[in-house]
Amino acid sequence: MAQAERGSATYRLCPRCGRTLPSHSQEHYCSNDGARLLSGCPQCHAPITSPYARYCTRCGHALTQVLD
């Protein structure tokens, strides 16, 4: 069972400015720059499990500067 499925915190991340929010937040767009928040890695779809993550912990794909 994946870590996020066991109840660990997951996050949404702005790919432009790096702002993070808990995944249960009602926001879907960054209030700083309007970018759509990522809820997982755009490459492998792994959940974001750290508010400090800038790269996917599963595949290493960059999470910031991934534009819509």
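The values are calculated or read from the model by the stated rules, or taken from the named source; none is laboratory data. As the structure is a prediction and not an experimental result, all values here were calculated from the model. Note: ideal-geometry Cβ built from the backbone for every residue, glycine included; neighbour counts use all protein chains shown.
Scanning the range 13-43 for residues that are assigned to a strand (DSSP E or B) and either within 16 Å of Tyr55 (Cβ to Cβ) or touching a His at 6+ places or on another chain (Cβ under 7 Å) (or both) yields Leu13, Thr20, Arg36, Leu38, Gly40. Condition check for Gln43 on (1) surrounded by 15 or more Cβ atoms within 10 Å (Cβ to Cβ); (2) modelled with pLDDT of 95 or more: one failure, at (1). Across the range 47-62, the qualifying residues are those that are of a type in the set (A, V, I, L, M) and touching a residue at least 24 places away in the same chain (Cβ under 8 Å), and the one among them that is surrounded by the fewest Cβ atoms within 10 Å (Cβ to Cβ) is Ala53.
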